[in-house]
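Data block below; observations after.
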């Protein structure tokens, strides 16, 4: 049975397309983004059969022998940085994570100009032939989450006092979209050589908005103003959080909040984060907001999102290069 006691706000967005409904949703999201930077959405309208289908296919893939999974290893994907990585293959704060996963992105063929130019993180996805159901499920899921991302960013714009289409017009007409499937083995079952105790250690996300579907195992923790809190799973919901670029654009009004994962459920935990981010070549400038006093909090890593100067693609490549230092040579 899934837990029902939320530690972050739960927002019903079913009225987001109605006159007046969007304003109510926007106000609730605005409050959450100013507080913890995290909220759960329900009433999103996404087909409830999609996640179980993708979850089943993902578990089938992760159960395969490593030699079989390695046929679609990220090294095979080259500069597109797509495919599978093993336990300990991703690094957070210099420590290998206790998770394995799959990286996906917008499906682009060799005739796409960005692929021909070998633009990092652009290209074709790698799908396992041994699990034929996984590829179609992933692409259908990404298409649905793309629409949800535009809808939520429209509500965020309204909450900030901007035109509903501000982000789509200026920043996300061609968003950078990345999708991950992660498997976290139970932290108490056995030591995994070369990994830390955390499935993923304390970190923030890089872009605008993350939409996370998770199974019923739990393990996600968020740093609130009063300390770390567990984010209990809620059936048919998405855990949403804002990333570094939205904190930068809002001058610190919105928080890109540290979070981490430790699975102690006794079973494998699967999570499905979808990242809806600025266009690759977008320069991330302050939003045209009314002046208001803002408390700038010291970040977990001592860095500042306000010191960066460049495009979102440059920011993303610099960050992801630290996560996969062994793959930097393919960029």
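The values are calculated or read from the model by the stated rules, or taken from the named source; none is laboratory data. Remember, predicted model here, so these are calculated numbers, not experimental data. Cβ coordinates were reconstructed from backbone atoms using ideal geometry, including for glycine residues, and neighbour counts include every protein chain displayed.
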Between 151, 129, 133, which is under 17 Å from the mean Cα position of the chain (by Cα), at pLDDT 95 or above, surrounded by fewer than 21 Cβ atoms within 10 Å (Cβ to Cβ) and under 30 Å from residue 49 (Cβ atoms)? 151
Would the range 208-217 turn up any residue that is outside any strand (DSSP E or B), surrounded by 20 or more Cβ atoms within 10 Å (Cβ to Cβ), modelled with pLDDT of 95 or more and under 14 Å from the mean Cα position of the chain (by Cα)? yes
Going by the structure shown, is residue 111 more than 30 Å from residue 63 (Cβ to Cβ) and surrounded by fewer than 21 Cβ atoms within 10 Å (Cβ to Cβ)? yes
Looking for something part of a loop (DSSP other than H, G, I, E, B), in contact with a strand residue (DSSP E or B) (Cβ under 7 Å, 6 or more places away or on another chain) and at pLDDT below 95 - is there at least one such residue anywhere in the range 14-30? no
Looking only at helices (runs of 4 or more DSSP H) that lie completely in the range 37-91, which have at least 2 residues being farther than 21 Å from residue 139 by Cα? 66-69
If you take the residues in the range 37-68 that are over 30 Å from residue 27 (Cβ atoms) and touching a helix residue (DSSP H, G or I) at 6+ places or on another chain (Cβ under 7 Å), which one is surrounded by the fewest Cβ atoms within 10 Å (Cβ to Cβ)? 53
Restricting the search to the range 218-239, which residues are over 18 Å from residue 264 (Cα atoms), within 16 Å of the chain's Cα centre (by Cα) and part of a strand (DSSP E or B)? 238, 239
Condition check: under 27 Å from residue 259 (Cα atoms), surrounded by fewer than 21 Cβ atoms within 10 Å (Cβ to Cβ), under 22 Å from the mean Cα position of the chain (by Cα) and in contact (Cβ under 8 Å) with a residue 24 or more places away in the chain. Does residue 87 satisfy that? yes
Residue 243, sole failed condition from (1) surrounded by 15 or more Cβ atoms within 10 Å (Cβ to Cβ); (2) free of Cβ contacts under 8 Å to residues at least 40 places away in the same chain; (3) more than 16 Å from the chain's Cα centre (by Cα): (3)
